[in-house]
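Chemist: Got a structure for you, questions after.
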Amino acid sequence: MQREQLADFLRRRRQAIRPAEVGLADGPRRRTTGLRREEVAMLAGMSVDYVVRLEQGRSSQPSAQLLGALARALRLSDDERDHLFHLAGHRPPPTDSVAALARAGLMRMLDLLGDTPALVLSDLGEILAQNRAAILLTGDHTGFTGDRRYAIYRWFTEPATRAAHPPEEQEHHARQLVADLRAAAGRRSGDPTVTGLVARLQADSADFRRLWAEYEVAVRRVDRKTVLHPRVGRVLMDCETLLTPDQGQQLLVLTPADAEARERLELLRVVGIEEFPTGATGTPATGTPAR
């Protein structure tokens, strides 16, 4: 761990970010450039004291999970993120690992979308980041580990996750998940991460085996889904998926499909998430995102 260089790097990256880039107001009373330490702490979900100790070179070695949170909060590029890990004495996370991080540009887009629900996903359906509007609509899905971090695995092995979709849409949604995984498997032929996931799904779910055998292939780009929310009821959403050039990550944007859906989203911003059922991660969850 290179404490002094780590401290200097964190200070400089904090000072280089404008509040508007992370969805914060840039008020007239702000005396310093960049973010305040308390704002970094809030965005990264850690204490202000720990941020101070990191920037003063007095901290213990941060964990990989904490470094990932800092990288997201500071909107680091892939190269900057890897440098952060090296300075802290860790190996940078591989792209498809549990610690995979949303790209800095996609994180900025999440901030800019504001009250429009949006998520960043890997090509295997792991949710890497959500804005507040998406969490209000579908719950927080960023805390899962192991195979459970993949939406398709939860869909086929945990029946309760389907409660977020009306019964008449569930077969269509299941087919979409499988067809999208088939497309990813084709792009990543021989990748043990993909082949292992497919093998475990086939072993754990007869329904997945049935759909996988039909060999449907389709990258999801545009769709319309109904989200069954426990507080505001049915919300009809149009889903637009934007792919990075290498198709390794996706930005999923959800917009209300009609006036009723717009009203329910506005109501949701008021009532919040107090009555969401609690998932295994200890965070609110309704199942799978409306992809």
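Since every read-out is calculated from the coordinates, none of them should be taken as a lab result. None of the values given here were measured: they were computed from a predicted structure. Cβ placement follows ideal geometry from the backbone for every residue including glycine, while neighbour counts extend to all protein chains displayed.
Chemist: Between Glu168 and Leu267, what's the calculated FRET efficiency when r is the beta-carbon distance and R0 is 25 Å? Round to 0.05. Write down the numbers at each step before the final one.
Modeler: Numbers: r = 24 Å, r/R0 = 0.97.
That pair, Glu168 with Leu267, gives E of 0.55.
Chemist: How long are the semi-axes of the equivalent ellipsoid of region 82-200, taking √(5λ) for every eigenvalue λ of the Cα gyration tensor, in whole Å from largest down?
Modeler: Values: eigenvalues 125, 89, 32 Å².
For region 82-200, the semi-axes come out at 25, 21, 13 Å.
Chemist: Related question: Under 10 Å, Cα contacts only: if you run a Gaussian network model on the chain, which one of Val178, Val253, Val222 comes out with the highest mean-square fluctuation?
Modeler: Val222
Chemist: A further question on this structure: Taking springs between alpha-carbon atoms closer than 10 angstrom, which of His86, His165, His141 fluctuates most in the Gaussian network model of the chain?
Modeler: Among His86, His165, His141, the largest mean-square fluctuation in the Gaussian network model of the chain belongs to His86.
Chemist: Before anything else, pin down the relative contact order of region 105-271: Cα pairs under 8 Å, at least 6 apart, normalised by residue count, whole percent.
Modeler: Over region 105-271, the number comes to 23 percent.
Chemist: I would also like to ask the following. Taking the alpha carbon gyration tensor of the chain, what are the square roots of 5 times its eigenvalues, largest first, to the nearest whole Å?
Modeler: 34, 24, 16
Chemist: Between Glu260 and Gln65, what's the calculated FRET efficiency when r is the beta-carbon distance and R0 is 41 Å? Round to 0.05.
Modeler: It comes out at approximately 0.55.
Chemist: Place a point 7 Å from the Cα of Gln247 along the Cα-to-Cβ direction; which residues of region 158-182 have their backbone N under 15 Å from it?
Modeler: In region 158-182, the label zone of Gln247 (backbone N under 15 Å from the point 7 Å along Cα→Cβ) covers 177-182.
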